[in-house]
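Have a look at the structure below, then the notes.
What follows is calculated from the coordinates using simple rules that are stated; it is not laboratory data. Remember, predicted model here, so these are calculated numbers, not experimental data. Here the Cβ positions follow ideal geometry from the backbone for every residue, glycine too, while neighbour counts run over all protein chains shown.
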Amino acid sequence: MPPIPRPLALLAELTYRCPLKCPYCSNPLELARYRHELDTATWQRVLAEAAALGVIQVHFSGGEPLVRRDLAELVQHARQLDLYSNLSTGATLADPATLERLKEAGLDALQISLLDARPDGNDWLTGAASFDKKRVAVENAKHLGFPVTLNVVLHRHNLDRIEEIIDLACRWDVDRLELAHVQYTGWAFRNRAALLPTREQVERAAEAVVQARRRLSERPAILHVLPDYFQQYPKACLHGWGRVFLTVAPDGAVLPCQTAREIPGLVFPNVREASLESIWFDAPVFQRFRGTDWMPEPCRSCERREIDFGGCRCQAFLLTGDPAATDPVCHLSPLHPVVERALVEPPREAAALQFRVITHSS
Amino acid sequence: MSSAIRRPVLVPHARYRWDKLRQQHQLVFPEGILVLNEPGAAIVQRCDGRPLAELLVALGEQFPDANLGEDVQGFLERLARKGLLRDATDS
Ligand code: SF4
Ligand code: SF4
């Protein structure tokens, strides 16, 4: 066994609470089970342990991290540890005073989600009047000198408006526009039939991005993440299980990947009971799909096994029932037909979208 | 795009840091980390919008034995292609 590499990035999911209801949210379906959040002191310890373990970047995320009153304090702590910090927010709670506190605390980068170029489309998908709040937040963030990335998740209902989305990113003058297709796990898997675009939509949109890049020359820089269902090979999920990333969930559970709770039978250690260092190097859940020894054929003897690492474990489980199977998105997988079938399934009406709900009030 | 960069400046989301644990110079940005060698680190730390000529003078003082001129331009262009650097004269 080669030595275990040290992680580079920590996803700090501060809370699952969120005022929005995006139907492709990556949070677990049983949100109410994880309401016992870590306190400030524990998060500070987690950040220090992460830095000592070799983490370079911390991504503060959620839920909506801005519901945590201690966010600026945690950012400042990360800064003191010389971690690079990035915040992903829906921005409806990003008032100028809050943004200013984050700036002073040393936040390095800001990602603001937007669901559609049109206010009605955005507000329908978030289940709240959020478009104008997001627009104002972008304006305020830029005013404070934050580098702003606008994050738009793509699917059947907004993909045809990709030009409008790019135009809007130009008008709002953001530094970067990230266009990433829905990943079909969690809420998005439940809503797959209503969210999956057609191949024609995907190809037309990809061409529109190429055209825009030519026209715009880097402002905004456009990052385009293609949907893996339409690719030949799976994406290099996590750059390999237990290799680069770790996630600490709101309740303190440490996950190799933010959606790993989808896989039954895995036991997740908790930062309340063990150090990040011992979890990263010794916990069975991090060893489970580390390296290449766990791989079945065709991955085991494939020359791409250290390029895409056999794809996504959560997706393999959701589509085949076996988390150790080759990701069926790969055209070499014997189970690839399950993906092809999903692509030709008749689309479900938008009305059938199941929005994220939380079954307790907090 | 191919014209020479005259006043190199790092984009605001790129930050230089020294990694004590790994004993590495790094340029960090939201999607990744670029490991830099000594001259690379010295260049990046001076990409603050000053004229390239000034930057080269400072480099020459730090690395008197190396002839870095052309390499510097190539290095800056690679960073620009990755979206990590801009020419301050453009904006
Ligand atoms: S995806 Fe939407 S609902 Fe889920 S945490 Fe983000 S903003 Fe909230
Ligand atoms: S067979 Fe496995 S390793 Fe090879 S390309 Fe497909 S998923 Fe990747």
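With a Förster radius of 60 Å applied to the beta-carbon distance between residue A:100 and residue A:341, the computed FRET efficiency rounds to 0.70. Distance between the 7 Å Cα→Cβ label points at residue B:35 and residue B:23: 1.3 nm.
Shape summary: the protein assembly as shown maps onto an equivalent ellipsoid whose semi-axes, from the alpha-carbon gyration tensor, are 34, 27, 25 Å in decreasing order. A Cβ-based charge dipole, computed about the Cα centre of chain A with Lys and Arg at +1 and Asp and Glu at -1, lands at about 180 debye. The calculated FRET efficiency for the pair residue B:82 and residue A:297, based on their C-beta separation and a Förster distance of 25 Å, comes to about 0.10. Measuring from a point 7 Å past the Cα of residue A:124 along Cα-to-C-beta, which residues in segment A:13-43 have an amide N at less than 20 Å? Residues A:20-25 fall inside that zone.
Placing +1 on each Lys and Arg Cβ and -1 on each Asp and Glu Cβ, with no other charges, gives segment B:8-87 a dipole about its Cα centre of roughly 420 debye. Based on the alpha-carbon gyration tensor of segment A:263-306 and its eigenvalue square roots a ≥ b ≥ c, which shape applies: rounded if a/c is under 1.5, prolate if not and a/b is larger than b/c, or oblate? Prolate, since a/c reaches 1.5 and a/b exceeds b/c.
Between segment A:166-180 and segment A:191-231, the alpha-carbon centres lie 14 Å apart. With a threshold of 32 Å on the Cα-Cα distance, the over-threshold entries among A:134/B:20; A:235/B:82; A:142/B:82; A:21/A:103; A:134/A:235 are A:134/B:20. Reducing segment B:65-91 and segment A:305-329 to their Cα centroids gives an inter-centroid distance of 40 Å.
Quick check: from the Cα gyration tensor, does segment B:8-87 come out rounded (a/c under 1.5), prolate or oblate? Could the numbers behind the result be given before it?
Values: a/c = 1.92, a/b = 1.24, b/c = 1.55.
Oblate, because a/c is 1.5 or more while a/b does not exceed b/c.
With a Förster radius of 41 Å applied to the beta-carbon distance between residue B:53 and residue A:215, the computed FRET efficiency rounds to 0.80. Spin-label model, residue A:164 to residue B:66: label points 7 Å out along the Cα-to-beta-carbon direction sit 5.1 nm apart.
Calculated mean residue ellipticity at 222 nm for the protein assembly as shown: -9500 deg cm²/dmol, from DSSP H runs with n ≥ 4 weighted as -39500 (n - 2.57), summed, divided by the residue count and rounded to 500.
For segment A:5-94, GluC sites (Glu not before Pro) meeting the loop criterion (DSSP other than H, G, I, E, B) and having at most 16 other Cβ atoms within 10 Å: A:30.
For segment A:136-199, a simple Cβ point-charge model (Lys and Arg +1, Asp and Glu -1, everything else neutral) yields a dipole of about 400 debye relative to the Cα centre.
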